[in-house]
Structure formats: structure tokens, C-alpha cells
Amino acid sequence: MRDVLDALTSGWLSGTTAGLATVVRTFKSAPRPPGAAMLVTADGKAVGSVSGGCVEGAVYELATEVMSEGRPVLVRYGISDDQAFSVGLTCGGILDVFVEPVSRQTFTELDEVRAEIEAARPVGVATVIEHPDPRWLGRHLVVRPHEFSGDLGSDRANQAVGDDTQGLLAAGRNATLTYGPDGQRRGEGMRIFFSSFAPRPRMLVFGAIDFAAALARLGAFLGYRVTVCDARPVFATPARFPDVDEVVVAWPHRYLSEQLAKGLVDERTVICVLTHDPKFDVPLLEVALRARALAYIGAMGSRRTHTDRMARLREAGLGEHELARLHSPVGLDLGSRTPEETAVSIAAEIIAAQWGGSGEPLGLLSDRIHHDELHEPTDPP
């Protein structure tokens with residue numbers, strides 16, 4: 001929903017009704033993950049995507065119908081064939097899409113959700129997508145750390161879902177949960193889709209050089225909250241890095257230590273060390289490699305720089321299991337030359353590390369393209 005939030009709240013504030021389609025479950029090689037959304041506004045505009053184009057036309061028509069009739073529906077789109085090419089998935093995947101009307105009457109808490117997201121506070125929305133009583137469909141529970149608001153249909157259901165989704169919210173995960181009709185944890189009949197809106201993950205770029213400017217732009221494009229840090233005030237200026245969220249003048253290792261102590265980095269944070277100067281990067285990497293809550297640590301430099309850096313880190317007392325976390329020299333082998341091409345190389349390695357990609361050309365592989373476990377639930381009934 002994050003991608004369509006601006007258009008959604010604009011219509012909500014003006015008092016109109018929109019049709020919101022959300023991917024709630026995927027199987028096999030579905031093109032978009034759970035949480036992907038497409039919005040049809042009251043004036044017929046389409047925002048976002050649920051399938052990258054395969055079933056967008058059919059979803060648009062269904063969202064328009066739901067918007068008009070006011071009744072949510074859960075639909076499944078599967079493999080296309082000659083007779084249903086326009087509404088099938090040519091990739092061979094299967095996806096479940098929940099389509100609901102959104103207005104001040106159907107989602108009274110939407111403005112609260114928007115405010116939490118804009119303030120970078122974690123918030124999630126649990127929506128009833130399947131229930132034997134159609135009056136429960138489309139009801140929402142807004143979940144915050146240690147509290148929730150809204151009404152799914154009963155106090156028992158509210159309490160069960162509110163408690164069970166706290167872990168998903170902390171991890172920033174979307175998921176479908178199954179309960180009995182009144183929220184019984186053992187049973188079937190009610191399905192909930194939980195959308196988690198954790199604050200944007202952070203990218204910390206150390207070294208205010210031209211490569212950092214290119215990487216910062218790409219990091220922002222990928223959805224990171226980007227910080228550039230350098231101890232040299234003449235280089236670390238907002239004018240040189242207009243695309244980042246903040247520019248910090250500080251010794252890199254001291255800044256990272258402070259951020260860790262304040263709990264401002266987590267397991268989604270990526271760190272890119274581009275200084276390739278031992279007086280900066282060795283103390284910084286000592287701190288980073290000893291920290292557990294980091295998704296990726298990469299350091300730029302030549303083979304000679306890398307060998308010297310590893311020797312210095314071993315002298316500082318780091319063990320082989322800690323050094324194994326370091327991606328150095330940083331990036332994948334793309335033959336990059338320019339700062340922009342190098343930034344793509346680094347970003348590609350970050351993505352591969354995040355999702356378990358091999359970095360090999362897809363044309364040389366026989367495995368499924370989407371092979372991460374969050375994209376592979378059990379086969380559909």
C-alpha cells in the first residue's frame with residue numbers, strides 16, 4: 001500500500017471511494033510479492049501494480065466494480081492459456097488478490113496510518129480477507145508496537161491478531177494468517193492479511209567522494225534512507241549530496257558506534273565504506289564487523305588495499321568468522337568503470353545478499369527466478 005498511499009489518502013480526504021487491490025499470497029513464479037498494490041481512484045486513474053502488467057486490466061475492471069458496489073472480494077489469478085491470455089499470468093505463477101473499497105466509512109483509521117508512515121514510525125494493517133460472515137470482510141486493525149486500534153469483528157479476534165502481528169511488525173514482514181471465525185488460533189474460516197510498514201531501511205555511506213554520490217542516488221531509488229558520513233567538512237556538504245537524507249561530518253567509527261548505541265541501525269541496515277583509507281576504514285570496519293545487527297558490509301578498494309585492510313583487521317583482533325561478513329572489494333563483476341556503473345555493481349551485490357541471489361546471468365540458470373522463502377508458500381489447494 002505504501003506505493004499508492006498518496007493517491008489513496010488524497011481520495012480519502014476528499015470524501016471519495018477508491019478500489020484498492022492488494023496481493024495477499026503468491027505461489028511459484030508470481031511477478032510481485034505479497035503487499036504489492038494497485039489503486040483505482042474515483043475518477044478512474046490507476047496507480048501501482050499487482051502483477052507487472054499480466055492481469056492489470058482484469059484487476060482494474062474488478063476494482064472499478066468493487067468501488068461501485070462496495071463489496072470486497074478475494075480472487076485468484078493463475079497460469080494463462082489461449083482462451084484466457086488477457087487475464088492469466090504468462091510467468092506460470094499464481095497470486096491471490098484482495099480488492100476492497102476504501103473510503104472514510106470503510107477505513108476510518110487510514111489517516112492515522114499515513115501519519116505513522118510519514119513520521120517513520122512502525123505501523124501495520126491487518127485486514128480480513130476471508131470469512132464465512134461477509135460483514136467481516138475488509139475490516140481493519142491498525143497495529144503499532146505494543147498496541148492496536150480498530151475492529152475486526154470481535155474482541156477475541158482483535159486480541160489474537162493484535163498480539164500475533166507484533167512480531168511481523170518488528171521484522172517488517174507481510175503475511176497471511178489463518179484463524180477460526182471468532183479469532184480462534186486453532187481453526188479455519190478467517191484469513192487475515194497483515195501489511196507491515198516499517199521505517200525505510202538505512203544505507204550508511206562512508207566517504208564523501210564521487211562514487212558515494214552515485215551510490216547515494218541509487219540507494220534512495222531503491223528505498224533506503226541514505227546517510228553520507230565523512231570526517232572532512234570540506235567534502236561532506238549537502239550541496240555535494242542533494243539526494244541523501246542527511247550528511248554527517250564526523251569520524252566514521254565514532255558515528256557508527258553512536259548509531260549502534262542508540263539502536264538506530266538494525267538487521268536491514270547496509271554499510272558501504274568507500275574511503276579506502278586505513279585511518280578511516282579500519283576503525284570503522286572494526287565496529288561494523290563486530291556488530292550483529294547489519295544486513296551488509298562492503299568496502300571499496302583494490303586487491304592490494306583489500307589485502308592490507310584484512311591484515312590490519314586481523315591485527316586488531318577480528319576473527320575469521322567476523323571477516324567473512326565483509327564484502328571486499330565491494331560489488332559484483334560488471335566491468336564497471338564510471339561512478340554510476342560502480343554504484344550499480346554495489347547495489348546488485350546488496351540485492352543478491354538480501355535475497356540469496358547468485359549474481360549469475362538468469363539465462364544460465366535453471367532454478368526459479370523468485371526463489372526466496374518469503375515468496376514460496378505451500379502449493380495452493
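The table below gives the values:
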{"read-out": "From R114, R186, R121, residue being modelled with pLDDT under 95, in contact with a helix residue (DSSP H, G or I) (Cβ under 6 Å, 6 or more places away or on another chain) and open to solvent by 30 Å² or more (accessible area, probe 1.4 Å)", "value": "R114"}
{"read-out": "Test: I351 is part of a helix (DSSP H, G or I), surrounded by fewer than 15 Cβ atoms within 10 Å (Cβ to Cβ) and of a type in the set (A, V, I, L, M)", "value": "yes"}
{"read-out": "Residue satisfying condition, being surrounded by 17 or more Cβ atoms within 10 Å (Cβ to Cβ), assigned to a helix (DSSP H, G or I) and either in contact (Cβ under 8 Å) with a residue 24 or more places away in the chain or of a type in the set (S, T, Y) (or both), within set L8, L39, L13, L20", "value": "L8"}
{"read-out": "Identity of the residue in region 143-182, within 20 Å of D266 (Cα to Cα) and open to solvent by less than 10 Å² (accessible area, probe 1.4 Å), that ends up nearest to the chain's Cα centre (by Cα)", "value": "L169"}
{"read-out": "Candidates R303, R337, R309, R314 - the one that is within 26 Å of F221 (Cα to Cα) and among the basic types (K, R)", "value": "R337"}
{"read-out": "Matching residues, region 189-220, being of a type in the set (A, V, I, L, M), touching a residue at least 40 places away in the same chain (Cβ under 8 Å) and either open to solvent by less than 10 Å² (accessible area, probe 1.4 Å) or farther than 30 Å from A343 by Cα (or both)", "value": "M190, I192, M203, L204, V205, A212, A214, L215"}
{"read-out": "Qualifying helices (runs of 4 or more DSSP H) (wholly inside region 257-345; at least 3 residues being out of contact with any strand residue (DSSP E or B) (no Cβ under 9 Å at 6 or more places or on another chain) and loosely packed, with under 12 Cβ neighbours inside 10 Å)", "value": "303-315"}
{"read-out": "Residue selected from region 238-248 under the condition touching a strand residue (DSSP E or B) at 6+ places or on another chain (Cβ under 7 Å) and in contact (Cβ under 8 Å) with a residue 12 or more places away in the chain, by the criterion farthest from I271 (Cα to Cα)", "value": "F241"}
{"read-out": "Tally of residues being among the charged types (D, E, K, R) and outside any loop (DSSP other than H, G, I, E, B) across region 163-211", "value": "5"}
{"read-out": "Residue that is modelled with the highest pLDDT [pool: residues in region 82-111 that are buried (at least 18 other Cβ atoms within 10 Å of the Cβ) and among the charged types (D, E, K, R)]", "value": "E100"}
{"read-out": "Positions within region 48-73 being assigned to a loop (DSSP other than H, G, I, E, B) and either touching a residue at least 60 places away in the same chain (Cβ under 8 Å) or not polar (S, T, N, Q) (or both), in sequence order", "value": "V50, G52, G53, C54, V55, G70, R71, P72"}
{"read-out": "Subset tally (residues that are surrounded by 16 or more Cβ atoms within 10 Å (Cβ to Cβ) and either among the basic types (K, R) or at pLDDT below 90 (or both)) for region 66-81", "value": "3"}
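Residue-wise test of (1) touching a Phe, Trp or Tyr at 6+ places or on another chain (Cβ under 8 Å); (2) at pLDDT 55 or above; (3) within 19 Å of A36 (Cα to Cα).
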| residue | (1), (2), (3) |
| --- | --- |
| E341 | no, yes, no |
| V344 | no, yes, no |
| A352 | no, yes, no |
| G359 | no, yes, no |
| G363 | no, yes, no |
| I369 | no, yes, yes |
| P377 | yes, no, yes |
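The values are calculated or read from the model by the stated rules, or taken from the named source; none is laboratory data. Owing to the predicted nature of the structure, the values given are computational and were not obtained by experimental measurement. Using ideal geometry, Cβ is built from the backbone for each residue, glycine included, and neighbour counts are taken over all protein chains shown. All accessible areas refer to the heavy atoms of the entire protein, side chains included, with ligands and DNA or RNA removed. Shrake-Rupley method; radii C 1.70, N 1.55, O 1.52, S 1.80 Å.
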